[in-house]
Amino acid sequence: MNPTHVTVPAIFARPTLAKRVESVIFTLLRLSTYFVLLCAAFIFWDIGTKGGAVIFQKSAPFINVPFLTEAPETLNVFEINGQKQTMGARAFRQYKAQHADELKGAHIETYVYSAGGIFPNIVGTLLLVAGSMVIALVLGVLSAIYLSEYATDGPFIRFLRLSIINLAGVPSIVFGLFGFGLFVIALDFGVSLLAGWLTMAFMVLPIIITASEEALKAVPKGYREGSLALGATKFQTIMTNVLPYALPGILTSSVLSIARVAGETAPIMFTAAFVVRDELPWQVQKWTDFFFQGVMALPYHIYVVATKIPQNEYTRDVQYGTAFVFLFTVAAIALTAVILRTRLRKKYKW
């Protein structure tokens, strides 16, 4: 053995340029991920603390019930006997009728949408999410079944899939203008629930179709072959041996779609939302009127209060309180879908 010949273990070898570049890129990606998570955590902390202070109270009933059960109102601020008073529009009208003499000469300031609550906005948001998701899931799953189980691969089908993928990247404002032009004007639905449902359903349809098709393709072919071998038709095979096992994947896409539908402002601003509406959606003369009326919605309310009216100390509480309820509502809907997906995964294992 030659004593001058020493083999350097690979672990002590000098890293190559490619390894160093890879290490730098990995570090940058990790730091970027941490930075994004930190920003998200700060946003949630800010909304949670400031919005939570509006919703929760230190004394019984510990929840700001009027904020969750009343409609938005104009806030009236005035001074009587050296004390500053704040009242919503309804309470102020009653007070004014009883104390007209005391209010003579008093300086009254009004702040739009700074009193009352957001109950109609919560109702409108839930209706918009529920209706649009029902339409999108039905159309999306049927389209995915056709593309996965019936369509023959060819130039047209490939072009169709590419178009669906491209539609997923179209900005929401474009869908809003599309819905406004087609449903509100051309089909004369007006600013209504139906126009908002269809517009937002088409907006999330590409996501649901793509995810549903992948979920259907992931089901083993043996399930199809075994069912067909036992004499079942293709439709029966899809309904009983394919679709149930693909439901967890389909619900995954629905969770993403719910978050997008609930958080969009532009589409509902053009097609479904009113700033203020006196009646609740079910307060109609005929049941058909339910579908052809506009509603209030949480994201549009936040947009109006934050950008369209003068900012003051009173609008701040409305903004944070609405944002807190909005995040909680979206999280609750998404959590319901996640729980349902988990149960379906346990039931349909393969």
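Computed extension gain for Asp278 through Ile63, at 0.36 nm per residue and net of the alpha carbon distance, reaches 75.0 nm. Applying D = kT/(6 pi eta Rh) to region 72-116, where Rh is the Kirkwood radius over alpha-carbon pairs, T corresponds to 4 °C and eta to 1.567 mPa s, the Stokes-Einstein value obtained is 123 µm²/s. Could you tell me which residue out of Val330, Thr210, Ser227 lies farthest along the dipole of region 119-347 toward its positive end? Charges go on the beta carbon: Lys and Arg +1, Asp and Glu -1, centred on the Cα centre. Checked the options; the winner is Ser227.
Connecting C-alpha atoms closer than 10 Å in a GNM of the chain, tell me which of Tyr34, Tyr320, Tyr146 has the biggest fluctuation. In this elastic network of the chain, the residue with the biggest mean-square fluctuation among Tyr34, Tyr320, Tyr146 is Tyr34. If one takes the longest principal axis of the Cα atoms in the chain, at what angle in degrees, from 0 to 90 and to the nearest 10, does the Cα axis of helix 313-347 lie? Approximately 40 degrees, to the nearest 10.
GluC sites (Glu not before Pro) within region 63-143: which are DSSP loop residues with at most 13 other Cβ atoms inside 10 Å?
On the way: sites: Glu70, Glu73, Glu79, Glu102, Glu109; in loops: Glu70, Glu102.
Taking region 63-143 and a limit of 13 other Cβ atoms within 10 Å, the loop GluC sites (Glu not before Pro) found are Glu102.
Restricting the calculation to Cα atoms, region 95-227 shows an Rg/Rh of 1.29 when the hydrodynamic-style radius is the Kirkwood one. From helices alone, the chain scores -20500 deg cm²/dmol at 222 nm; the rule is -39500 (n - 2.57) for each run of n ≥ 4 DSSP H residues, then divide by the residue total. Restricting attention to the chain, close to 90% of DSSP beta bridges with both partner residues there are antiparallel.
Among the listed options (i) 159; (ii) 303; (iii) 151, the one matching volume of the Cα convex hull per residue in Å³ as calculated from these coordinates is (ii). With equal scatterers on the alpha carbons only and no solvent term, can you work out the Debye log10 of I(q)/I(0) for region 223-350 at 0.09, 0.12, 0.13, 0.19 1/Å? Debye curve over Cα of region 223-350, log10 I(q)/I(0) at q = 0.09, 0.12, 0.13, 0.19 Å⁻¹: -0.47, -0.70, -0.76, -1.07. Given a 10 angstrom Cα cut-off, can you work out which residue in Asn64, Asn81, Asn241 is the most mobile in a GNM of the chain? In the Gaussian network model the winner is Asn81. For the pair Ala232 and Leu28, label points projected 7 Å from Cα toward Cβ lie 5.1 nm apart. Comparing mean-square fluctuations of Arg158, Arg20, Arg93 from a GNM of the chain with C-alpha springs under 10 Å, the top value falls on Arg20.
In debye, nearest 20: dipole of the chain around its Cα centre with unit charges on the Cβ of K, R (+) and D, E (-)?
It comes to approximately 1420 debye.
Taking all Cα-Cα distances within region 11-55, those exceeding 17 Å account for 57%.
For the peptides 165-171, 199-205, 209-215, residues were scored by their other Cβ atoms within 10 Å and the scores averaged per peptide; the highest-first order is 199-205, 209-215, 165-171. In this rough spin-label picture, where each label sits 7 Å from Cα along the Cβ direction, the Arg260-Arg345 distance is 2.2 nm.
Given region 161-301, what whole percent of its Cα pairs are spread farther than 28 Å? Let's see the in-between values first.
Working: 3613 of 9870 pairs.
It works out to 37 percent of all Cα pairs.
Only the coordinates and a few stated rules stand behind these numbers; no lab work does. Every value quoted in this text rests on a predicted model; they were computed, and no experiment measured them. Cβ sites come from the backbone with ideal geometry, for glycine too, and all protein chains shown count toward neighbours.
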